[in-house]
Amino acid sequence: AADVVPQAPEDPLFGLMAAYRRDEDPNKVDLGIGAYRDDNAKPWVLPVVKKADELLRADPNLNHEYLPIAGLAEFTSASQKLIFGASSPVISEGRAISLQTISGTGAVHLGALFLSKFYNPSASGAKTVYVSNPTWANHNQIFSNVGLPIAQYPYFSKETKGLDFAGMRSTIESAPEGSIILLHACAHNPTGVDPTQDQWKELATLMKQKSHFPFFDCAYQGFASGDLNRDAWAIRYFVEQGFELLVAQSYAKNFGLYGERAGCFHFVTSPGAEAKDTVSRVGSQLAILQRSEISNPPAYGARIASLVLNDADLFAQWEENLREMSGRIISMRQALKKHLDELKTPGTWDHIVDQIGMFSFTGLSEKQVLKIREEAHVYMTKNGRISMAGLNTKNVKYFAEAVDKVVRE
Ligand code: PMP
């Protein structure tokens, strides 16, 4: 019977990583995967994570029992404080239910599964999920795998290499009432372009008018600007406006816990007398979905994050580590821009320093990307996205020269 299974294409990003590993050129540069690297192009274990790890291992009572279905309670409660703010009414009024998930991917998936089963927009009956064009490629698969139709809203302007706000706005405005709108909370992947606070406010007003349902994907809190509160601003603003909404929260990037799969899913309901009852009913269904999907989330990464999130001293050290990562990335943006300016590379490159977070959308064409890969052994995705963390003081000039060469050809 398996002869009916068609061959699927290789995941483009993980295929790119494999090609990079096979390349034997000593100057090769990996700008593909979105994982932080230090100035020596090495993975970086955050010093605060190392410390938390030592504390954990020294605990004689540590065991390998199952976590509860909803995960480690200290972890999910600290995750609520981190994303909504410690004094948020969402917490004091019991308006959120949170489950620990398999990192951000698992949180997006749990939200998608929940919506596919229970989302019931009153007016139009539409269950379409609107995602930005472009978006993190996995969004498309996650939502279509649970049977939710997907549509796109314009996001990136090729001309300005910034936000196409007019396009985004008008598509969200004309979407059927009650549509699900997926939003990147900060440091948009793959473009590095975020709405301004005024634009977020306008989007909130519009989405209220249309009774759209916000689903925030937050994979870079603290990693984008180095400021945890600032990076959560959009979510907190929508919460203040009284929306019912979902949040997928990842600790992969901001704790460097990629492979440990630490994440959290939050359902938030609007203020009102029914809030507690809603949260209880939704929570009971989420627990069943979680049980059938993974039974219990993984313990190690959540224990590390929980230790740091719940200890003021470790938390302060974490913030310092975050500033080190975001600071190095910002300095690489400046260095790349400076080298391109010095080379008088044709085109404008302000977007390199204007964009934020892990990625930059260079504006290089697929043809140019493939040429740079072939000639300079620099690996980036075909859409011209580079992971800024792959640049360092030793290779940034080399990369600028490769870009300069290819845009002049
Ligand atoms: N959403 C976005 C937009 C991302 O960029 C990522 C990380 N690549 C994720 C979610 C989730 O990643 P993870 O499952 O590793 O937390």
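The values are calculated or read from the model by the stated rules, or taken from the named source; none is laboratory data. Remember, it's a predicted structure, so these values are computed and weren't measured experimentally. FYI the Cβ positions are ideal-geometry reconstructions off the backbone, even for glycines, and counts take in every protein chain you see.
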Single condition Gln100 does not satisfy, out of (1) within 16 Å of the ligand (Cβ to nearest atom); (2) touching a residue at least 60 places away in the same chain (Cβ under 8 Å); (3) out of contact with any Gly (no Cβ under 6 Å at 6 or more places or on another chain): (3)
In a loop (DSSP other than H, G, I, E, B), on the phi > 0 side of the Ramachandran plot and touching a helix residue (DSSP H, G or I) at 6+ places or on another chain (Cβ under 8 Å) - does that describe any residue in the range 103-126? no
Within the range 199-232, tally of residues that are assigned to a helix (DSSP H, G or I) and over 17 Å from Gln355 (Cα atoms): 11
Hey, does the range 120-133 have a residue that's within 16 Å of Pro214 (Cβ to Cβ), touching a Leu at 6+ places or on another chain (Cβ under 7 Å), within 16 Å of the ligand (Cβ to nearest atom) and of a type in the set (A, V, I, L, M, F, W, C)? yes
So how many residues does the range 243-271 have that are within 18 Å of Trp318 (Cα to Cα), near the ligand (Cβ under 9 Å from one of its atoms) and buried (at least 24 other Cβ atoms within 10 Å of the Cβ)? 6
Scanning the range 18-47 for residues that are assigned to a helix (DSSP H, G or I) and in contact (Cβ under 8 Å) with a residue 24 or more places away in the chain, the one farthest from the ligand (Cβ to nearest atom) turns out to be Pro47
Determine which member of the set Ile372, Ile329 is farther than 30 Å from Pro47 by Cα, of a type in the set (A, V, I, L, M) and crowded, with 17+ Cβ neighbours inside 10 Å. Ile372
Kindly indicate which of Ala185, Ala224 is at negative phi, among the hydrophobic types (A, V, I, L, M, F, W, C), under 12 Å from the mean Cα position of the chain (by Cα) and at pLDDT below 95. Ala224
Which numbered condition Asp164 misses (of (1) of a type in the set (D, E, K, R); (2) surrounded by fewer than 17 Cβ atoms within 10 Å (Cβ to Cβ); (3) under 21 Å from the mean Cα position of the chain (by Cα)): (2)
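Residues are listed down the side, and each one gets a yes or a no for (1) out of contact with any strand residue (DSSP E or B) (no Cβ under 6 Å at 6 or more places or on another chain); (2) assigned to a loop (DSSP other than H, G, I, E, B):
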| site | (1), (2) |
| --- | --- |
| Tyr237 | yes, no |
| Phe243 | no, yes |
| Phe255 | yes, yes |
| Gly263 | no, no |
| Val279 | no, no |
Regarding Asn138, is this residue surrounded by fewer than 18 Cβ atoms within 10 Å (Cβ to Cβ), within 15 Å of the ligand (Cβ to nearest atom), assigned by TED's automatic domain parsing to the domain that holds Thr269 and without any contact (Cβ under 8 Å) to a residue 40 or more places away in the chain? yes
Using the structure shown, decide if Thr171 is touching a residue at least 40 places away in the same chain (Cβ under 8 Å), farther than 20 Å from Val108 by Cβ, crowded, with 17+ Cβ neighbours inside 10 Å and of a type outside the set (Gly, Ala, Ser). yes
Mind telling me which of the residues Pro6, Pro47 ends up being loosely packed, with under 14 Cβ neighbours inside 10 Å and at pLDDT below 95? Pro6
Looking at this structure, is Asn296 within 15 Å of Asn254 (Cβ to Cβ) and in contact with a helix residue (DSSP H, G or I) (Cβ under 9 Å, 6 or more places away or on another chain)? no
Has the range 114-131 got at least one residue that is surrounded by 18 or more Cβ atoms within 10 Å (Cβ to Cβ) and within 23 Å of Ala224 (Cα to Cα)? yes
Pairs with Cβ under 6 Å, 6+ apart, first in the range 211-234 and within 16 Å of the ligand (Cβ to nearest atom), second among the aromatic types (Phe, Trp, Tyr): Pro214/Phe238; Pro214/Phe243; Ala234/Trp200
Here are some conditions: (1) within 20 Å of the chain's Cα centre (by Cα); (2) assigned by TED's automatic domain parsing to the domain that holds Val90. Ala299 meets all but one. Which one does it not meet? (1)
Given the conditions (1) within 23 Å of Ser211 (Cα to Cα); (2) not in a strand (DSSP E or B), every one holds for Ile142 apart from (1)
